[in-house]
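Accompanying notes for the structure given below.
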Amino acid sequence: MLLKIREKAQGVFAWIILILICVPFALWGIQNYLDVGKETPVVTVGDKDFFQRDVNRAYAQYSQKLAGMGIDEQTLKKQALNKLVNDEVLLQYVQDQGLVVTDDAVRSFISSLQYFQTNGKFDKKQYRALLASQNMSSGEFQHRIRNALIMEQFQHSILDSSFATAYDVEQFLKIQNQQRDFEFVTIAPPELKETPSDQEVQEYYQQHQDAYQTPEMVSIEYIDLSLPELAEKVQATEEQLKAFYEEHKDLYRTEERRKISHILFAAGKEGDQAALARAKKARERAKTEDFAKLAKELSDDKFSAKQGGDLGLFTVGTMEPAFEEVASKLKQGEISEPVKSAYGYHLIKVTELVPATTKPFSAVREELKKAYQKSRAENTFYELGETLTEVSFEQPDNLLAAADATGVPIKKSELFSRNSKQGIAAEQAIREAAFSDDVLQGNNSEPIELGTDRLVVLRILDHRPATTRPLEEVRGEVIAALQRSKAEQQAQELASNIKRQLLAGESLQKLAETHGLAVQKRTGVTRDKADMPWQLRQAVFKAAKPVAGKPTVFIVDYPDGQKAVVSLVKVTAGSVDLPDAKQRENIEANIARALGQAVFNALIKDLQARADITLNIEK
């Protein structure tokens, strides 16, 4: 099973995506085999060096996969670096094991990539052009693809060989369908009216200065090279558009749809003449009888006979030449004379015929114009991209030379933070580049790819470090936070007191009455119960089972400062019966997959522990 490429890249920068091709399960190793000059590697795995650009690329991919999950940037960067190392460790291992994929498998995979296809077919010219645009040989590219496929092959050998026993399924169902009975009280933080003293405000402010900082801000100037903007400037005459239409007319053509049925009279032991005689006799009957019924009665092609002789849509190249020649010329509803093939004689009928059509120039003019402009602008975009990359690197302390060389004006942004979502800063890649050490030191950024049709180089205009706001400016916020903290502390103390008394044998109902709280009881609660806060449900199912008739007591914290004191009184094992056999098969497959992934993860961890890995960054 090969990976699925999500969509076809457009434009001359499609090669960038090629370098980022990854196998399933996020194996990204192949994009790191680039010549990165003499810079100091960030991490070395065996004899393989990874540089900052490799780490940045891995982080960009990793953060995109986990976007919206609330994971902080530093954690993501560590995970991305670890993933980069793990993939290289795996690659070196499978190479040491002598695992291989055939040349045919590599060629087949490359041929299937949409980047190299024109009208659904592999285009050697496009393939060579895309690789040549980056001075990449076909052999080098095939080597990278081969490595990715070998890693995928090895991973599948582990995942696909895993299995789940009946015991595994039963244990899973007992836990998954488990039911729990519990009761609880909810404690809300009290509303405090007392104003804290100046000393308390000062102490709280000093202890929590990070909460009262203005974020680090930058503004940038940048060159934004955009293929759509270049395309809009391309002038197109009516003659040019019509010529372009003729050149790409096939794109606006709907092929003929021709559906056929047949009746086969196999020669067999009776010989050709007898088969021909039967075919002629059947054709006479077909003039007054239903063709489909005759096919069911007479056809020696028993498979199609069940469908009334239906062979589906007619496709050139799938039948014998004589058969195709007749089938392609029949009118709808017309029945052919007997047609000789290696199988015997056929009667052919066209049951559906939709003629080929081509949209006229007038109907596609606007669409055609955009395609024409884009095609003419792509070479310019590529050439200017090369110029922008080269000049901004050669003169890293300004953008003026790059702007003059490309003819693209320098734009400026407002101040923005690491979390800004407006203007050019809405792009995560822009924010990451703007706050990178190299750019903050006054250098131009590396070219930043925003999709396949936009290239940006930026530099710092203004940098304002994070600063702590003065106490007088935030006094109101500090007082509110201090009051909220005291209220939550009081709620915590009451919750802890109730928990302590419950463990001593007191009744939750009695304690609730003492403190003016309401007891809520739940029975038969399952893991998918949706009518309660997820924090409560998660804590209930994490809690240990009651022992010797004594409830398990614990406290649940809510984001708004409320506390729940919970008494878990009963746990009932889940049912292992499944009415649907298919459902059991799915559960077995999921458990097997999880077990296989666990084995694979353990292997990677072991390989990493035994590998020669050198980190050149601060942990």
*If you check LYS570 against the conditions, is it touching a Pro at 6+ places or on another chain (Cβ under 8 Å), exposed (fewer than 15 other Cβ atoms within 10 Å of the Cβ) and in contact (Cβ under 8 Å) with a residue 24 or more places away in the chain?*
yes
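Hey, which of the helices (runs of 4 or more DSSP H) in segment 1-116, taking only ones fully inside, have at least 3 residues that are modelled with pLDDT of 85 or more and out of contact with any strand residue (DSSP E or B) (no Cβ under 9 Å at 6 or more places or on another chain)? Reasoning before the result, please.
Working: elements: 14-19, 52-65, 73-96, 103-112.
By residue number, 73-96, 103-112.
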*From (1) surrounded by fewer than 12 Cβ atoms within 10 Å (Cβ to Cβ); (2) at pLDDT 95 or above, pick out the condition that doesn't hold for VAL553.*
(1)
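Out of everything in segment 579-597 that is charged (D, E, K, R) and surrounded by fewer than 16 Cβ atoms within 10 Å (Cβ to Cβ), what residue ends up being nearest to ILE158 (Cα to Cα)? Spell out the reasoning first.
In the first step, residues of segment 579-597 are kept if they are charged (D, E, K, R); the result is 580, 582, 584-585, 588, 593.
Still in the list and also surrounded by fewer than 16 Cβ atoms within 10 Å (Cβ to Cβ): 580, 582, 585, 593.
Numbers: ASP580: 28, LYS582: 24, GLU585: 19, ARG593: 10 Å.
That would be ARG593.
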*Pair list, Cβ < 9 Å and 6+ apart or interchain, from segment 319-341 residues that are within 20 Å of ALA267 (Cα to Cα) to residues that are part of a strand (DSSP E or B) and modelled with pLDDT under 90*: MET319/LEU311; MET319/SER341; GLU320/SER341; ALA322/SER341; PHE323/SER341
*Identify, by number, the condition in (1) touching a helix residue (DSSP H, G or I) at 6+ places or on another chain (Cβ under 9 Å); (2) touching a residue at least 60 places away in the same chain (Cβ under 8 Å) that ALA491 doesn't meet.*
(1)
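Going by the structure shown, is ARG418 outside any loop (DSSP other than H, G, I, E, B) and not small (Gly, Ala, Ser)? It would help to see each step written out before you state the result.
Working: outside any loop (DSSP other than H, G, I, E, B): no; not small (Gly, Ala, Ser): yes.
When the stated conditions are applied, ARG418 does not pass them.
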_Any residue that is among the polar types (S, T, N, Q) and buried (at least 16 other Cβ atoms within 10 Å of the Cβ) - is there at least one of those in segment 456-467?_
no
*Would you list the strands (runs of 3 or more DSSP E) that sit entirely within segment 213-328 and hold 2 or more residues that are touching a strand residue (DSSP E or B) at 6+ places or on another chain (Cβ under 9 Å) and of a type in the set (S, T, N, Q)?*
217-226
*Any idea which residue in segment 202-225 is surrounded by the fewest Cβ atoms within 10 Å (Cβ to Cβ), counting only those that are modelled with pLDDT of 95 or more and hydroxyl-bearing (Ser, Thr, Tyr)?*
SER219
*Does any residue in segment 378-395 that is touching a residue at least 40 places away in the same chain (Cβ under 8 Å) and closer than 19 Å to ASN444 by Cα come within less than 6 Å, Cβ to Cβ, of a residue that is β-branched (Val, Ile, Thr) and outside any helix (DSSP H, G or I) six or more places away or on a different chain, and which pairs are these?*
LEU388/VAL457; SER392/VAL457
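Among the residues that make up segment 342-358, is at least one of them part of a helix (DSSP H, G or I), aliphatic (A, V, I, L, M) and either within 30 Å of LEU461 (Cα to Cα) or out of contact with any helix residue (DSSP H, G or I) (no Cβ under 7 Å at 6 or more places or on another chain) (or both)?
Going through segment 342-358, the residues part of a helix (DSSP H, G or I) turn out to be none.
No - not one qualifying residue is present in segment 342-358.
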*May I ask you to list the residues in segment 324-337 that are over 21 Å from LYS287 (Cα atoms) and either in contact with a Ser or Thr (Cβ under 9 Å, 6 or more places away or on another chain) or modelled with pLDDT under 85 (or both)?*
GLU324
*asked:* Exactly one condition in (1) at pLDDT 95 or above; (2) closer than 29 Å to GLU232 by Cα is false for GLU449; which is it?
replied: (1)
*Test set (1) surrounded by fewer than 14 Cβ atoms within 10 Å (Cβ to Cβ); (2) within 30 Å of GLY344 (Cα to Cα); (3) of a type in the set (A, V, I, L, M, F, W, C) - ALA243 fails condition number*: (2)
_Please go through segment 407-439 and give me each residue that is more than 18 Å from GLN74 (Cβ to Cβ), exposed (fewer than 12 other Cβ atoms within 10 Å of the Cβ) and not charged (D, E, K, R), ordered by number._
GLY407, PRO409, GLN422, ALA426
*ASP606 passes all but one of (1) out of contact with any strand residue (DSSP E or B) (no Cβ under 7 Å at 6 or more places or on another chain); (2) assigned to a loop (DSSP other than H, G, I, E, B); (3) surrounded by fewer than 16 Cβ atoms within 10 Å (Cβ to Cβ); (4) modelled with pLDDT of 90 or more; which number fails?*
(2)
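The values are calculated or read from the model by the stated rules, or taken from the named source; none is laboratory data. Remember, predicted model here, so these are calculated numbers, not experimental data. As a convention, Cβ positions derive from the backbone with ideal geometry for all residues, glycine included, and neighbour counts pool all protein chains shown.
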